[in-house]
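*Asks:* Take this structure, written in structure tokens, and hold onto it; I'll ask about it next.
The values are calculated or read from the model by the stated rules, or taken from the named source; none is laboratory data. What you see is a predicted model, and the numbers here were worked out from it, not measured in a lab. Cβ placement follows ideal geometry from the backbone for every residue including glycine, while neighbour counts extend to all protein chains displayed.
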């Protein structure tokens, strides 16, 4: 049994049993197993590919095994999922895919080896396009057909359809679902003022990103990051634009007080810290989970700016505790959400989230929005950001908050701000008050950004 397959299986099991996050656990398991570059690449492909396509593969397994997926031992099911991915989505030879998975299941559930062998050989006798036809056969609705073929829960398909239709782009649903199943490129953020992009770009394979003015890609991102001493970080281009939308919405006045309210794990905090350093602002950060607060401290370690990171519930925000007695001039609320906009990077989220989570999260988002708005100084700006395009979490949460705030708030032209920040024009919807980015359209996570100003009384 190859070590790459063992690592992939262990990560899938940790995701299932311990609710681990593959993007956090996999690098650790790869290092611990001392995998070669080739084996690390295989383990990564098997882990992410299997998680992304899990729904489709379960339907294939049900047809090949002639039994429901939930009737199969969960660990054995993960062995089968890995095997199906190799057979239908990689160039691994059939005999290797089958034999390696049989060897693997012998270490997990020896009595299931014959079953695994039979199911995978059945799968191997039909090509991927024929399996797709069988999987989609007799789907009761178009959403169900897409859910089966593109491996998303039906409720997620419907939510994404609604979000696209809100922009008049419902016909892009299939492209979005396919983008969710693609491997995202590694984006780097060159922290402004700490890295001279003009000097760095073009060196060591660094090339500018399409939209973010501080964004880049690299042929060897790990080497670039290790040599940068915390001044260059991995960060999605959409996340970079969200942070810059707040810091560059209006010119910075020296001495401004800024807050990142829900700051963990700290990527946007690092960008804000670099921007605050350049503009002479004072930045603070809040995070409710102590471990994530430690991640924030690590993220900003490369920025020579003193940033107070406090642990606390953002709904109980007290500006005076941060020394901002008069309120904050800018607050970033990167709100807890379903994460449906980051399924490329966190593929297990689609299987972990439930429709009922949306109601709980929108309640939390509303409470955080109220706390953040109350903590703004007159004329202060709030950036409301989610990595979910679900309309209940975006326009729903924001719209309800604006109704509560009445005439005390005004929406800014967020689209104009983001377009001014961007290197190249973004194809955005016509609603100027908000910005919705998309994986299939912009190559970013599906970030939602809205800027709101508290009107001076």
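*Asks:* Could you check, for the stretch 6-17, whether at least one of its residues is over 23 Å from residue 350 (Cβ atoms) and at pLDDT 95 or above?
*Replies:* Scanning the stretch 6-17, I find at least one residue that is over 23 Å from residue 350 (Cβ atoms) and at pLDDT 95 or above, so the answer is yes.
*Asks:* I'd like the full set of residues that are touching a residue at least 24 places away in the same chain (Cβ under 8 Å), assigned to a helix (DSSP H, G or I) and surrounded by fewer than 18 Cβ atoms within 10 Å (Cβ to Cβ), limited to the stretch 133-154. First the steps, then the outcome.
*Replies:* Restricting attention to the stretch 133-154, the residues satisfying the condition of being touching a residue at least 24 places away in the same chain (Cβ under 8 Å) are 134-135, 146-153.
Now narrow it down to the ones that are assigned to a helix (DSSP H, G or I): 134-135, 146-150.
Answer for the stretch 133-154, where residues must be touching a residue at least 24 places away in the same chain (Cβ under 8 Å), assigned to a helix (DSSP H, G or I) and surrounded by fewer than 18 Cβ atoms within 10 Å (Cβ to Cβ): just 134.
*Asks:* Check 97, 75 and return the single one that is in contact (Cβ under 8 Å) with a residue 12 or more places away in the chain, touching a helix residue (DSSP H, G or I) at 6+ places or on another chain (Cβ under 6 Å) and either over 30 Å from residue 446 (Cα atoms) or assigned by TED's automatic domain parsing to the domain that holds residue 8 (or both).
*Replies:* Unique residue meeting the criteria: 97.
*Asks:* Just for strands (runs of 3 or more DSSP E) wholly inside the stretch 327-417: which have at least 1 residues that are under 20 Å from the mean Cα position of the chain (by Cα) and crowded, with 23+ Cβ neighbours inside 10 Å?
*Replies:* Output list reads 328-334, 376-386.
*Asks:* Moving on to the next point. Among strands (runs of 3 or more DSSP E) lying entirely in the stretch 230-310, which contain 3 or more residues that are assigned by TED's automatic domain parsing to the domain that holds residue 418, over 23 Å from the mean Cα position of the chain (by Cα) and under 20 Å from residue 322 (Cα atoms)?
*Replies:* Hits in the stretch 230-310: 282-287.
*Asks:* Could I ask something else about it? For the stretch 418-433, give me each residue that is assigned to a loop (DSSP other than H, G, I, E, B) and under 22 Å from residue 269 (Cβ atoms).
*Replies:* The one that is assigned to a loop (DSSP other than H, G, I, E, B) and under 22 Å from residue 269 (Cβ atoms): 422.
*Asks:* In the list 104, 87, 80, 51, which residue meets the criterion of being within 26 Å of the chain's Cα centre (by Cα) and crowded, with 16+ Cβ neighbours inside 10 Å?
*Replies:* Selected residue: 51, the only one of 104, 87, 80, 51 that is within 26 Å of the chain's Cα centre (by Cα) and crowded, with 16+ Cβ neighbours inside 10 Å.
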